[in-house]
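One structure below.
The values are calculated or read from the model by the stated rules, or taken from the named source; none is laboratory data. Computed from a predicted structure; not experimentally measured. Quick reminder, even Gly has a Cβ in these numbers, built from the backbone with ideal geometry, and neighbours come from all protein chains shown.
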Protein chains: 2
Amino acid sequence: MFTLFHHSFCPHSRFIRLALGEHGLEMRLVEERAWERREAFLALNPAGTTPVLTAEGQPPIPGAGLIAEYLDETHGADLGERRLLPSVMAERIEVRRLMAWFNEKFFEEASNPLVTERIYKRFMSEQNGGGAPAADVIRAAKANVRYHLAYIGWLAKTRNFLAGDRLTYADLAAAAHLSAIDYLGDVPWIEDDAAKAWYARIKSRPSFRPLLSEWLAGVPASRTYVDLDF
Amino acid sequence: MFTLFHHSFCPHSRFIRLALGEHGLEMRLVEERAWERREAFLALNPAGTTPVLTAEGQPPIPGAGLIAEYLDETHGADLGERRLLPSVMAERIEVRRLMAWFNEKFFEEASNPLVTERIYKRFMSEQNGGGAPAADVIRAAKANVRYHLAYIGWLAKTRNFLAGDRLTYADLAAAAHLSAIDYLGDVPWIEDDAAKAWYARIKSRPSFRPLLSEWLAGVPASRTYVDLDF
């Protein structure tokens with residue numbers, strides 16, 4: 001049994017929930033407000049960031065990238081042809097490249113500023129950086145979403161899934177980050193049909209359902225958030 | 001034969017040079033000034049960052065984390081007991097945790113701001129962000145180096161190498177980032193004897209020698225940079 005220290009709108013945590021779901025693994029969820037820097041949480045992950053996965057007999061596993069590698073090494077082969085980090089080297093490289101693209105670049109340029117400004121800041125004390133959202137940060141992040149969406153659309157048009165013929169971690173990472181900001185209505189789906197059609201496919205997977213049921217008091221979901229034919 | 005697109009003072013590139021050296025693999029080095037966003041380089045790595053490794057028959061491999069995983073998967077077993085990403089799961093987790101710690105956290109908080117302000121900016125055009133170094137950025141980064149150095153010292157005192165009994169990617173990543181800013185004289189070694197003794201051991205390895213011979217016109221190396229008994 002796994003325990004995942006996560007936040008409902010942390011894009012990296014969402015990615016790992018999707019990955020556990022696709023692996024068919026059960027998890028217990030513990031909500032962590034990383035910005036509160038809870039001492040027991042820092043003992044699990046000195047970097048103080050979500051997600052952290054704990055698994056029996058192993059040290060805590062911090063960070064989306066590490067957890068994905070761990071899940072593949074321990075449970076990847078069980079998925080056979082549906083393995084989320086394929087075994088052919090050229091495909092591994094492409095999947096890992098796109099995982100890093102979304103977990104690092106998209107996070108830094110788009111999902112993290114949007115989620116921080118529009119969600120986390122509501123819960124942060126002033127001392128932790130809380131307060132009103134910064135309009136200029138949001139504007140810059142929304143502009144970045146547009147070029148990322150075009151890149152996703154280009155990949156989705158060129159291939160069946162983002163990294164190739166089959167569903168991989170790359171799709172789950174991309175969809176996880178998008179879903180957090182889609183809740184906020186910050187994805188201009190109208191601009192890219194291919195990206196939208198790809199996202200509709202990922203969103204309709206059973207592993208996605210738990211994410212779509214996450215609602216935040218005081219922050220209504222966008223009109224299309226739960227709609228599978230948005 | 002590998003080709004590494006790198007920059008002499010890019011800490012991630014230094015890490016990969018050490019990793020290739022420890023694996024006993026030859027490489028051809030191509031200097032890349034990532035901030036110039038050369039078109040042919042963006043085709044290799046759309047994220048536009050160094051390092052990128054090219055290996056025959058594989059797509060380009062971008063980023064320190066991906067390259068380390070690739071090298072371990074293709075050449076790790078050859079090292080036997082000296083494998084840089086150990087095969088026991090608990091050790092893999094700890095090595096990957098520390099690799100990410102240095103390649104992401106230390107990079108963001110310390111090595112990247114220092115190298116950018118004090119080295120890259122000298123070569124950047126004004127349009128690319130060049131100009132005089134920002135004193136406040138340097139001050140903040142130097143303060144961060146101190147707490148990271150204490151953490152390294154604590155790890156080195158508790159264990160033989162940073163992640164455990166043997167040399168791993170964790171040591172190479174930490175030493176690579178430190179070496180780039182040690183050139184600038186930005187590591188207060190006097191504050192932590194254990195960290196200093198650990199670094200002296202890594203620095204005296206043959207894989208380190210090529211890094212110590214990198215000199216930058218107009219930016220003299222710190223007094224202790226090449227000294228193995230600094």
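Of all residue pairs spaced 6 or more apart or on separate chains, those with beta-carbon atoms under 7 Å, a first member in the stretch A:58-82 that is more than 19 Å from B:Asp72 (Cα to Cα) and a second member that is hydrophobic (A, V, I, L, M, F, W, C) and exposed (fewer than 14 other Cβ atoms within 10 Å of the Cβ) are A:Gln58/B:Ala90; A:Pro59/B:Ala90.
Restricted to strands (runs of 3 or more DSSP E) entirely inside the stretch A:1-63, those with at least 1 residues that are hydroxyl-bearing (Ser, Thr, Tyr) are A:2-6, A:52-54. Of the set (1) at pLDDT below 95; (2) surrounded by 14 or more Cβ atoms within 10 Å (Cβ to Cβ), all apply to A:Glu81 but (2). Taken over the stretch A:1-56, the criterion of being closer than 26 Å to A:Arg166 by Cβ and without any contact (Cβ under 8 Å) to a residue 24 or more places away in the chain is satisfied by A:Gly24 alone.
When the stretch A:56-106 is limited to residues that are more than 9 Å from chain B (Cβ to nearest Cβ) and of a type in the set (Val, Ile, Thr), the one that is nearest to A:Arg28 (Cα to Cα) turns out to be A:Ile67.
Has the stretch A:157-175 got any residue that is part of a helix (DSSP H, G or I), in contact with a Phe, Trp or Tyr (Cβ under 7 Å, 6 or more places away or on another chain), surrounded by fewer than 22 Cβ atoms within 10 Å (Cβ to Cβ) and in the same structural domain as A:Trp189 (by TED's automatic domain parsing)? So that I can check it myself, show each step before the final result.
If we filter the stretch A:157-175 for residues that are part of a helix (DSSP H, G or I), which is where we start, we get A:157-158, A:169-175.
Of the ones still in play, those that are also in contact with a Phe, Trp or Tyr (Cβ under 7 Å, 6 or more places away or on another chain) are A:171-175.
Then keep just the ones that are surrounded by fewer than 22 Cβ atoms within 10 Å (Cβ to Cβ); that gives none.
For the stretch A:157-175, residues part of a helix (DSSP H, G or I), in contact with a Phe, Trp or Tyr (Cβ under 7 Å, 6 or more places away or on another chain), surrounded by fewer than 22 Cβ atoms within 10 Å (Cβ to Cβ) and in the same structural domain as A:Trp189 (by TED's automatic domain parsing): absent.
Is it fair to say A:Asp72 is acidic (Asp, Glu), part of a helix (DSSP H, G or I) and surrounded by fewer than 17 Cβ atoms within 10 Å (Cβ to Cβ)? So A:Asp72 does not fit the description; no. Among the conditions (1) away from chain A (no Cβ under 14 Å); (2) at pLDDT 95 or above; (3) not in a helix (DSSP H, G or I), the only one that B:Gly130 does not satisfy is (2). For the stretch A:37-52, the criterion of being of a type in the set (S, T, N, Q), out of contact with any strand residue (DSSP E or B) (no Cβ under 6 Å at 6 or more places or on another chain) and closer than 30 Å to B:Ile152 by Cβ is met by at least one residue. Considering (1) closer than 26 Å to A:Val219 by Cα; (2) within 12 Å of another protein chain (Cβ to nearest Cβ); (3) touching a residue at least 60 places away in the same chain (Cβ under 8 Å), the lone condition that A:Glu109 does not fulfil carries the number (3).
Across the stretch B:112-149, what is the total count of residues that are in contact (Cβ under 8 Å) with a residue 60 or more places away in the chain and within 23 Å of B:Ile190 (Cα to Cα)? Working first, answer last.
Quick first cut of the stretch B:112-149, residues in contact (Cβ under 8 Å) with a residue 60 or more places away in the chain only: B:112, B:114-115, B:118-120, B:122-124, B:128-129.
From the residues that got through so far, the ones that are within 23 Å of B:Ile190 (Cα to Cα) too are B:112, B:114-115, B:118.
The number of residues fulfilling the criteria is 4.
Annotation for the stretch B:184-202: at least one member residue is touching a residue at least 12 places away in the same chain (Cβ under 8 Å), in the same structural domain as B:Glu94 (by TED's automatic domain parsing), closer than 19 Å to B:Leu98 by Cβ and in a loop (DSSP other than H, G, I, E, B). For the stretch B:186-209, a residue qualifies if it is surrounded by fewer than 15 Cβ atoms within 10 Å (Cβ to Cβ) and not charged (D, E, K, R), and the qualifying residues are B:Pro188, B:Ile190, B:Ala197, B:Ala200, B:Ser204, B:Pro206.
Anything in the stretch A:203-220 that is within 27 Å of A:Gly63 (Cβ to Cβ) and either outside any strand (DSSP E or B) or assigned by TED's automatic domain parsing to the domain that holds A:Pro11 (or both)? List them, or say none.
Within the stretch A:203-220, the first condition is being within 27 Å of A:Gly63 (Cβ to Cβ), and the residues that meet it are A:203, A:205-216, A:219.
Correct list: A:Lys203, A:Arg205, A:Pro206, A:Ser207, A:Phe208, A:Arg209, A:Pro210, A:Leu211, A:Leu212, A:Ser213, A:Glu214, A:Trp215.
Note on the stretch A:21-67: among residues that are under 15 Å from the mean Cα position of the chain (by Cα) and farther than 25 Å from A:Val219 by Cβ, the one that is surrounded by the most Cβ atoms within 10 Å (Cβ to Cβ) is A:Leu53.
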